[in-house]
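**Student:** Take this structure first; my questions come after.
The values are calculated or read from the model by the stated rules, or taken from the named source; none is laboratory data. Worth saying up front: this structure is predicted, and the values here are computed from it rather than measured. Counting neighbours? That spans all protein chains shown, and the Cβs are built from the backbone with ideal geometry, glycine included. We work out accessible area using only protein heavy atoms, side chains counted, and drop any ligands, DNA or RNA first. Shrake-Rupley method; radii C 1.70, N 1.55, O 1.52, S 1.80 Å.
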Amino acid sequence: MMRLALITFTVLWATSVLAQEELTLEKAIGTALEHNYSIKIAKNNEQIAQNNHTLGNAGFLPSLTASYNRDYGIQSFEQQRSTGEVSDNGAKSQRETYGATLNWTIFDGLKMFTTYDQLEALNKQSEDLTRAQIELLVYNVTTAFYNAAWEKERLLLFESNVGLSEERLKVSKDKYELGKASKIEFLQAQVDLNADKSSMIKQLELLAVRKFELMELMAIEQDTLNFTIKYEVENNSDILLGQLLEQLESQNAQLLALKRDQVIALYDKKIVEGDRLPEVGVFADYTHSSFETPAGFVLSGNSDDITYGVTARWTLFNGFNVNRRLTNAKIQYETAQYQYKDQLLAFTTDIKTRYINYRNNLDLLKLEKENLSVAKENNEIAQERYQIGLSNALELRESQINLINAEIRYQNAAFAAKQAEIELKYLSGTLVIK
């Protein structure tokens, strides 16, 4: 009992706190895109790919290195010269050198051009992956938003049902006090009212849970954003299957990223083929050196040296490794094609099956709308008959249950059709709000 009371208090507190600010779908998506960590990670990866797309990373630019060295030595020696004997114990010497070296590959079998194009493809792919992550987040936020809206609609239905039960309790109490009904009828009305209130309390908890799930996607701490869901469930009945399938290959970001995998694999193949060609480069080197030593015939000196030239290298045989890598590159390209076709088939199947669900729920929505109208009219008649004593409490309760069930079925069809619509737009790559 204590646990139930604590849960009830928590749910009611959360609901009252969250009822301070209105949250629309557009605002939820905007907040999520700004704060969600998966988007931040995707954008960082995209920035890395942009940074990598440079001429230097592709190998076009030369390398220039500078060097400096200074060393000291201590020598003990004895030398016999024409002028006499020379000796020293602990003679100090020093040497200093510095310079710069330039290396520039001017031809590497066209690999640098292919690498640059590959880096560009990787950059574009990172943009596709960022867009795919944004689309996934928008889909998840939209789904979570309408899930919360769905639970709110159910809560409103349960609240309405409690109102009907309270009215029935009032009427049965009046009839009991006037002697026109038994106490059993009055007590049964009280039991039914308590059961309806219990359902409403459970629904309050479900609504709070769905709101917390939405806040998690928005990357907002649960105690920093107070809101109520503001929404309108408008079912679009004009979506065409052929148009969705036509948009799939050109709009779906996941497919676009997989398509670029094929291009990247082709570049890998060309890079390997470049290893069969010679590599030509130029170099230049400048070195300055100076020294001082008490030993030897030259006691000190310095020099400036400049060297330059052309280098050429051609690997004629390396154990068939180029052939092996080329075969693997061809296999990788084939694998990329298979992955694209597999995902395309999966998305196409998902769209076709989800579209059937979408159309069926629209048909159910029309049917349940008619049923709801009938159930409302039937409940109104049952209430009037019960108030004037022409029907019993059992008939009234049955009409009340039929009404709440009809309302639930109507809302289920409406939100199921909306969910199918959201998923169809996500699969076809047209869900992101511009």
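**Student:** Which log10 I(q)/I(0) values, to two decimals, does region 314-369 give at q = 0.14, 0.16, 0.24 Å⁻¹ under the Debye formula with one point per Cα?
**Tutor:** With no solvent term, the Cα-only Debye profile gives -0.62, -0.69, -0.90.
**Student:** Does anyone have the angle between helix 393-428 and the longest principal axis of the chain? Alpha-carbon axes, 0 to 90°, nearest 10?
**Tutor:** Between the helix axis and the principal axis of the chain, the angle is about 20 degrees.
**Student:** I'd like the orientation of helix 183-217 relative to the chain: the angle between its Cα long axis and the longest Cα principal axis, in ° from 0 to 90, rounded to 10.
**Tutor:** The angle comes out near 20 degrees.
**Student:** Rounded to the nearest 0.05, what FRET efficiency is calculated for residue 166 and residue 337 with R0 set to 60 Å and r the Cβ-Cβ distance?
**Tutor:** In this case the efficiency is close to 0.35.
**Student:** Moving to a separate point now. Above 32 angstrom, tally the Cα pairs of the chain and express them as a % of all pairs, no decimals.
**Tutor:** The share of Cα pairs beyond 32 Å in the chain comes to 65 percent.
**Student:** Let me ask another. Under unit Cβ charges (Lys, Arg +1; Asp, Glu -1), what dipole magnitude, rounded to 20 debye, does region 128-206 have relative to its Cα centre?
**Tutor:** 320 debye
**Student:** Let me ask something additional. Of all DSSP beta bridges located in the chain, what percent are antiparallel, nearest 5?
**Tutor:** 95 percent
**Student:** May I ask you to evaluate 6.51 cos²θ - 1.76 cosθ + 1.60, the Karplus curve with θ = phi - 60°, for each residue of region 98-108 and list the ³J(HN,Hα) values in order in whole Hz, giving x for glycine and proline?
**Tutor:** Whole-Hz 3J(HN,Hα) from phi for region 98-108: 8, x, 9, 10, 10, 10, 9, 7, 9, 8, 9.
**Student:** Positive end of the charge dipole of region 201-242 (Lys, Arg +1 and Asp, Glu -1 on Cβ, about the Cα centre): tell me which of 235, 220, 209 has its Cα farthest that way.
**Tutor:** The listed residue farthest towards the positive side: 209.
**Student:** Where in region 349-375 does the label zone of residue 245 land, with the point 7 angstrom along Cα→C-beta and an amide N cut-off under 13 Å?
**Tutor:** Output list for this probe position: 349-356.
**Student:** Let me ask you something else. Separation between the residue 44 and residue 390 pseudo-spin-labels, each 7 Å from Cα along Cα→Cβ, expressed in nm?
**Tutor:** 7.2 nm
**Student:** With a 1.4 Å probe and every protein chain left in place, work out the accessible area per residue of the chain in Å², rounded to a whole number.
**Tutor:** Computed with neighbouring chains in place, this is 59 Å² per residue.
**Student:** Calculated FRET efficiency, residue 173 and residue 408, Cβ-Cβ r, R0 30 Å, to nearest 0.05?
**Tutor:** Calculated value: 0.60.
**Student:** Give the aspartates and glutamates whose C-alpha is closer than 13 Å to that of residue 183, dropping any in the same chain fewer than 8 places away, or say none.
**Tutor:** Cα-Cα hits under 13 Å: 174.
**Student:** First select every other residue whose beta carbon is under 11 angstrom from the beta carbon of residue 290; then total the charges, Lys and Arg +1, Asp and Glu -1.
**Tutor:** Summing Lys/Arg as +1 and Asp/Glu as -1 gives -1.
**Student:** Could you please state how large a percent of the accessible area of region 302-434 is carbon and sulfur, counting protein chains only and using a 1.4 Å probe?
**Tutor:** C and S atoms contribute 53 percent here.
**Student:** OK, next. Please turn the phi angles of region 377-389 into ³J(HN,Hα) values with the Karplus equation 6.51 cos²θ - 1.76 cosθ + 1.60 (θ = phi - 60°), one per residue in order, whole Hz, x for glycine and proline.
**Tutor:** 5, 5, 5, 4, 5, 5, 5, 5, 5, 5, 5, 9, x
**Student:** Report the label-to-label distance for residue 100 and residue 314 in nanometres (one decimal), using points 7 Å from each Cα along the Cα→Cβ vector.
**Tutor:** For the pair residue 100/residue 314, the computed spacing is 3.4 nm.
**Student:** Just subtract the alpha-carbon distance of residue 194 and residue 325 from 0.36 nm times their residue separation and send over the number in nm, one decimal.
**Tutor:** 39.7 nm
**Student:** A further question on this structure: Name the shape class, rounded, prolate or oblate, that the alpha-carbon gyration tensor gives for region 245-336, where a ≥ b ≥ c are the square roots of its eigenvalues, rounded holds for a/c under 1.5, and otherwise prolate holds if a/b is larger than b/c and oblate otherwise.
**Tutor:** In terms of gyration-tensor shape, prolate.
**Student:** With unit charges on the beta carbon (Lys/Arg positive, Asp/Glu negative), name the residue among 29, 387, 155 whose Cα is farthest towards the positive pole of the charge dipole of the chain.
**Tutor:** 387
**Student:** Within region 187-294, what whole-number % of the accessible surface is contributed by carbon and sulfur, with the 1.4 Å probe and all protein chains included in the calculation?
**Tutor:** Of the solvent-accessible surface of region 187-294, carbon and sulfur hold 51 percent.
**Student:** Which value, in debye to the nearest 20, gives the size of the charge dipole of the chain about its Cα centre, when Lys and Arg are +1 and Asp and Glu are -1 at the Cβ?
**Tutor:** 840 debye
**Student:** Same structure again: When only Cα pairs under 8 Å and 6 or more residues apart are kept, what is the percent relative contact order across the chain?
**Tutor:** 23 percent
**Student:** I would also like to ask the following. Within region 97-120, what residues put their amide N at less than 17 Å from the label point 7 Å along the Cα-to-Cβ vector of residue 57?
**Tutor:** Once the point is set 7 Å along Cα→Cβ of residue 57, 112-120 turn out to lie under 17 Å by backbone N, inside region 97-120.
**Student:** Moving to a separate point now. Grab the DSSP H runs of the chain that are 4 residues or longer, score each as -39,500 (n - 2.57), total them, divide by all residues and round the 222 nm result to the nearest 500 deg cm²/dmol.
**Tutor:** -23500 deg cm²/dmol
**Student:** While we're looking at this one, here's another question. To the nearest 10 degrees, how steep is helix 37-52 against the longest Cα principal axis of the chain, on a 0 to 90 scale?
**Tutor:** Compared with the principal axis, the helix lies near 30 degrees.
**Student:** Please work out how much length the chain gains when fully extended from residue 67 to residue 283, using 0.36 nm per residue of separation minus the C-alpha to C-alpha distance, in nm with one decimal.
**Tutor:** So the chain would gain 76.2 nm between residue 67 and residue 283.
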